[in-house]
1. Sort Tyr37, Tyr391 by Cβ crowding within 10 Å, fewest neighbours at the top.
2. Fully extended, how many nm does the chain gain between Ala327 and Asn191 (0.36 nm per residue separation, minus their Cα-Cα distance)?
3. When a footprinting reagent is the concern and you count Cβ atoms within 10 Å, what order do Tyr267, Tyr3 take, fewest first?
4. Using only Cα atoms, what is the ratio of the radius of gyration of the stretch 318-378 to 2.2 N^0.38 Å?
5. Rg/Rh for the stretch 276-395 to two decimals, with Rh computed the Kirkwood way over all alpha-carbon pairs.
6. When each pair of different Cα atoms in the chain is counted once in the 1/r mean, what is the Kirkwood radius in angstroms, to one decimal?
7. When the convex hull of the Cα atoms of the stretch 244-339 is projected onto a plane and the area is averaged over all directions, what value comes out in nm²?
8. Have a look at the stretch 190-392 and give its Rg and Dmax from the Cα atoms, expressed in angstrom.
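No value in this document is a laboratory result; all are computed from the given coordinates. Remember, predicted model here, so these are calculated numbers, not experimental data. Don't worry about glycine lacking a Cβ; one is built from the backbone with ideal geometry, like all the others, and counts go over all protein chains shown.
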Amino acid sequence: MDYRFDLPTKILAGPGCSAQLGVHVGATGAKRVLCVYDKGVEAAGIVDPIVANLEAAGIEVARFSGVQPDPPLEVVEECTATAAGMKPDAFVAVGGGSSIDTAKAVNANLMNPGKLKDHAIQLNGLKVFPFENRLKPLFALPTTAGTGSEVSQGAVVTDSELKLKLSVITPDMTPTMAVVDPSLMTGMPPNVTASTGLDAFAHAVEGMMSGLAILTPSPMRDSFALTAIELVINNLPTAIKDGKDIAARTNMAYAAFMAMLGSTSGYSMGHVMGHAIGEVSSIHNHGFICASVLPFNVEFLAEKIPTQLIKLARLLNVDTDGRTVEAIGSAVNSAMRDFYRACGLPSLKELGMATGDIKEIVSHSTKGTWYMLAPKKPTEEEMSGWLQAAYEGWD
Ligand SMILES: [Fe+2]
C-alpha cells in the first residue's frame, strides 16, 4: 500500500523564538490578525508581549480571550462573530490545544460558514477533504507540550447537543507555522505539564499501533514516534519537578510535535476511550484520561505489533531477551504503569470517573472511529476491565 507523509507546517523552535513572530506574520502580507487565547494564558503574562511584538511589526491585533477547554461549538461561534467583525488576514493562536483548535475551527467556520460538521470524521465516515474556500494563514504558539495541535490537521471541538467530541480533520486546517518557544512553557503548573506530556506520550505510542499504522508501516512515522517517546521518558519527570528547567522544557516541546507527526496514522484505544471518558464523565483532562487505559491496550495488541513493541520495551528498559511477545507485552504494561506513577498520573477515581459510568463509556468507545479501524477489537468485558483497573490506580 502506498504511504504518504505531508508536513506542510513550517516549524520554528527554540527558547525565545516567539520574538520573531511579527516578522513571519508580516511576511504573509497580513495587516490585521485575530489573536486567540484563554484567560489563564493572559493572566500568566504570555499574551501581551506577543501582541506587542505583532504591533511593533505594524500589524493591527484584535483579541479573543474566551477559549474554553474541550472547545464547545458555542465558543467557536462566538469567536467567529468577533472574527467576522474585524476580518483578519491571519490568526495567531496562543495556548494549549484548546486555543489552537479553537482558532483552527474559527478560521474554517469564518471562511466556510456552516460547514464545520461536514468535516467531522465521526459524522461523515472518515472522509477527509478540503474546505471549499481557502483558509487564512494560522500561526500556532503552544504554551503546553503535548497536544501537537501546532502541526496537526485536526481540531477537536465539543458538540454539547450530541454529547460528542468532533474531530474535524482536513489538511487545510494545518497551521502555516508552529512557533514553538519553550520559554512560554516554564510557568506551566506540574499537573498540566504531566497531563499534556502524557498526551504526547499517548500520541506517539498509539501512532505506532493504530489500524492504519499496521496497514501502512512507515519507518519515517515510527522514527518520529520513537524519538518522541524517548524524549518524554527522559524529560517529563524533570519538567514536572522543575518547570524552569529549560532543557527539559525544550525537549518536551520537541516531543509534542514529533509525537503528533508520529501519529498521522491515527490512534488506538487510548484516545478512543479517553474521549469516551471525557464525554460520559465530563472530565476535562485530555492527557490524563487518554493515557489511562493505554498500558492495557499495548499488552492486548502485543501479537499485532511485535516489532514496535520491542522498540517500545527497550525505551522503557524492559528486558526482551528470550521472552515471548506476550511476556514482553505484559512487562511493557507494567513499565508504563511505573512511568505513570513517576509522573503522578491520578487514577480515574481521583479524576472523577464513577464506576457507574463504565457501561456508558464502553458503549461510546465502540462507536469511536479508531475502534472501528482497530487491528484487534477489545470486547466490552475487556474494556470494562481496563477502566476498572485504571479506576483503582497504578500500584
Ligand atoms: Fe491527544
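1. Tyr391, Tyr37
2. 45.7 nm
3. Placing the least packed residue first, the sequence is Tyr3, Tyr267.
4. Rounded to two decimals, the normalised Rg is 1.49.
5. Taking Rh as the inverse mean 1/r over Cα pairs, Rg/Rh reads 0.97.
6. 20.9 Å
7. Approximately 7.4 nm², given one-decimal rounding.
8. 15.6, 44
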